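The block underneath contains the structure these notes are about, expressed in structure tokens.
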Amino acid sequence: MRIVFKTDYMQDIRPWKDGYQLSLYMILLAAVIAAPWWLDDFYLGELTNVLIWAIAGLGLMILTGHTGQASLGHAAFLAVGCYANVALIEAGVPFLIAFPVAGLLTGIAGVTVAIPALRLHGIYLAIFTLALSVLMDDIIVLAEPITGGVAGKYLGGVDILGLTVDRWGTPELFFWLVLAVVVLVTLGYINLLRTPLGRSFIAVRDSEVSAQAMGVDISRTKTISFALSCAVTGWAGALMGMYAGAFNNETFNVLISIQLLMMIVIGGLGSIHGAFLGAIVIGFLPQFLSISKEYVGAVFGGSTVAIPGLEFGIFGIILIAFILFEPMGMYGRWLKIRTWFELFPFYRKDMFKRQKSYLKTERLR
């Protein structure tokens, strides 16, 4: 059992618990940076896809995981970020300027949505954002001069400091670009949670009545959460567009929004680790199913014909299993396993028991 004794305030507020934990993260980061040398182009592309999903998961985690505002419409903000990035690049804006501006524009769109959504809670907010995601399909078609309509848009390589970064031509450079964005967003997220604003997010999630009693401006906190969440999601959408190369109104459909929500629930709501663990499941499960079907067909002599709906069926079964047996997600299960080893033989089974008591004022919602 490893016990960390804190001797100064800086130890209490730093992002990592001790040097040992920091060294583990640095080793993991070094292994990921070196991925182009130990993975072929196919698996490097799959890892890049996972990292892009992780950015989108971090964006939704800000709003749903740490502020408690359910959203089923983040595919719309993926589309806003993607098309904003493409429009700026086509207008001659350098990528290093177009990319952050695309996230900023998506954040402004998030604030616009947050204003009428401030009075909504729970299932009503989810339905509102779901309708927004469905509506985005028609908006993309109607805004054909900007979005290309049904025909869509094509985005090839972009120029960054004299280097052409292309998903297909230079996959290793594109991978490092995505990884850089992941690292910056993650560090920003970690530091956000240590600020008064980040603590306000968590207070609103746990109890709006108690947060308001402590002086938290509920409307302002929700609006900022929407803005930050949509900005990060917009960056993920811009990278998704570069990853796909070609995209139209059907690329960012409502199923993407559902996948995003499933991802953070499976990974673990309210944890940065959960966004990455959920992204691994969402990113690698389709390839795992494809490889498994080929293996089963080779062993048993069956057919490897694609089964419609198999992927979402498996996603649904996994989600139901986690909701019933592990509501804290994959990261919650890891916390329980780690705590068991740290406290053995003093670990108690009900240490992570669900809270079933709520304020009467909260039950009215």
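The values are calculated or read from the model by the stated rules, or taken from the named source; none is laboratory data. The structure displayed is predicted, hence computed values, not measured ones. Don't worry about glycine lacking a Cβ; one is built from the backbone with ideal geometry, like all the others, and counts go over all protein chains shown. Heads up: the accessible areas ignore ligands, DNA and RNA and are worked out on the full protein's heavy atoms, side chains in. Shrake-Rupley method; radii C 1.70, N 1.55, O 1.52, S 1.80 Å.
Overview of results
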{"item": "Filter pass, Trp340 being hydrophobic (A, V, I, L, M, F, W, C), modelled with pLDDT of 80 or more and under 24 Å from Leu277 (Cβ atoms)", "result": "no"}
{"item": "Flag if Thr186 is within 25 Å of Phe99 (Cα to Cα), part of a helix (DSSP H, G or I) and open to solvent by 20 Å² or more (accessible area, probe 1.4 Å)", "result": "yes"}
{"item": "Per-region count, segment 322-337, residues more than 21 Å from Leu261 (Cβ to Cβ) and either open to solvent by less than 70 Å² (accessible area, probe 1.4 Å) or among the acidic types (Asp, Glu) (or both)", "result": "2"}
{"item": "Residue check, Val134 assigned to a loop (DSSP other than H, G, I, E, B) and either at pLDDT 90 or above or open to solvent by 40 Å² or more (accessible area, probe 1.4 Å) (or both)", "result": "no"}
{"item": "All positions within segment 137-147 that are in a helix (DSSP H, G or I) and open to solvent by less than 60 Å² (accessible area, probe 1.4 Å)", "result": "Asp137, Ile140, Val141, Thr147"}
{"item": "Residue match in segment 253-266 (condition: in contact with a helix residue (DSSP H, G or I) (Cβ under 6 Å, 6 or more places away or on another chain) and either within 20 Å of Leu104 (Cα to Cα) or surrounded by fewer than 15 Cβ atoms within 10 Å (Cβ to Cβ) (or both))", "result": "no"}
{"item": "Subset tally (residues that are surrounded by 15 or more Cβ atoms within 10 Å (Cβ to Cβ) and not in a loop (DSSP other than H, G, I, E, B)) for segment 112-128", "result": "6"}
{"item": "Check on Pro94, modelled with pLDDT of 90 or more, open to solvent by 50 Å² or more (accessible area, probe 1.4 Å) and over 23 Å from the mean Cα position of the chain (by Cα)", "result": "yes"}
{"item": "When residues of segment 18-63 are limited to those that are among the charged types (D, E, K, R) and surrounded by 13 or more Cβ atoms within 10 Å (Cβ to Cβ), the one farthest from Arg205 (Cα to Cα)", "result": "Glu46"}
{"item": "Helices (runs of 4 or more DSSP H) wholly inside segment 190-284 containing at least 1 residues that are in contact (Cβ under 8 Å) with a residue 24 or more places away in the chain, over 18 Å from Leu118 (Cβ atoms) and under 14 Å from the mean Cα position of the chain (by Cα)", "result": "218-244, 254-267"}
{"item": "Residue list for segment 101-111, restricted to those being touching a residue at least 40 places away in the same chain (Cβ under 8 Å) and surrounded by fewer than 19 Cβ atoms within 10 Å (Cβ to Cβ)", "result": "Leu104, Ile108, Val111"}
{"item": "In segment 148-183, residue surrounded by the most Cβ atoms within 10 Å (Cβ to Cβ) [restricted to those that are among the charged types (D, E, K, R), touching a residue at least 24 places away in the same chain (Cβ under 8 Å) and out of contact with any Pro (no Cβ under 6 Å at 6 or more places or on another chain)]", "result": "Arg167"}
